[in-house]
Amino acid sequence: MTAMTAYGRDAALPEDLTRWQCSLRAQFPIITGHAELAYLDSAATAQKPQAVLDAVQTHLTSANANAGRGTYPWANASTALVERTRDRIKDFLGDPDPEHSSVHFTSGTTEGLRTIARDWLPALLADGDEIVVPFADHQANLSPWLEAQQLLSRQGVRVRVRKMPYQRSSGDYDPGGAGGVGRPPDPLRRGHPCAPRLRPEHERPAHPRGGGPGCAGLPGRRPEHRPPAGVDGRP
């Protein structure tokens, strides 16, 4: 898509881009085994490069055990591997306070969004708050927020899920039409059009819950830490 946009549908790809594409495809056995195909469904199922397949195979044949659940050598090795991976992710993301933050692994984006919507967000919401949702997105980015609304409704908290407007001329979302800022770097940032719209603290009623629904199913979680800057590095 990038190559077609930059160089035109009929233009020849530059040599360096062609080499990069070939080297990238060569890392995926399933792609090299079907060289005539172009895989476009990565959002649903990500194919695995050889490095990942090798790492999984090594783990399954050398130290396969539940992390954090045992004290025998395989379990200790699995626990150490998971903790090292968490530290590397924090370093990759530039976490400014790694000692007071945590990384949680999920099976994919759907579970990750559902965990945020059901376990983290509800404790922050009260009557009159809003969640602005891009309804034209994948179902995985719609269902979790509606589920959070239903959970809160059963607890007597009325939260509105609003549809993010879009520009009919281009089909793109119109963040400004949702009353938020125009740039889209950080959807969990206060004031961003995709962020929950929370009323000022002095206007919010006392919250009846000590934690979000489902928190009991995730023991030992530490408070999430978010750096003060957006993901684009701007304050």
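The values are calculated or read from the model by the stated rules, or taken from the named source; none is laboratory data. Small disclaimer: the values here were computed from a predicted structure and weren't measured. Cβ coordinates were reconstructed from backbone atoms using ideal geometry, including for glycine residues, and neighbour counts include every protein chain displayed.
Annotations for the structure displayed:
- Residue within the stretch 109-128 that is within 19 Å of the chain's Cα centre (by Cα), farther than 30 Å from residue 149 by Cβ and of a type in the set (Asp, Glu) present: no
- Only one of 114, 69, 84, 88 that is surrounded by 13 or more Cβ atoms within 10 Å (Cβ to Cβ) and either outside any loop (DSSP other than H, G, I, E, B) or not aliphatic (A, V, I, L, M) (or both): 114
- Residue count for the stretch 37-65, restricted to those that are closer than 30 Å to residue 137 by Cα and in contact with a Phe, Trp or Tyr (Cβ under 6 Å, 6 or more places away or on another chain): 2
- Test result for residue 182, out of contact with any Lys or Arg (no Cβ under 7 Å at 6 or more places or on another chain), part of a loop (DSSP other than H, G, I, E, B), surrounded by fewer than 12 Cβ atoms within 10 Å (Cβ to Cβ) and modelled with pLDDT under 85: yes
- If you filter the stretch 91-101 down to residues that are at pLDDT below 90 and surrounded by 14 or more Cβ atoms within 10 Å (Cβ to Cβ), you find that the one that is farthest from the chain's Cα centre (by Cα) is 98.
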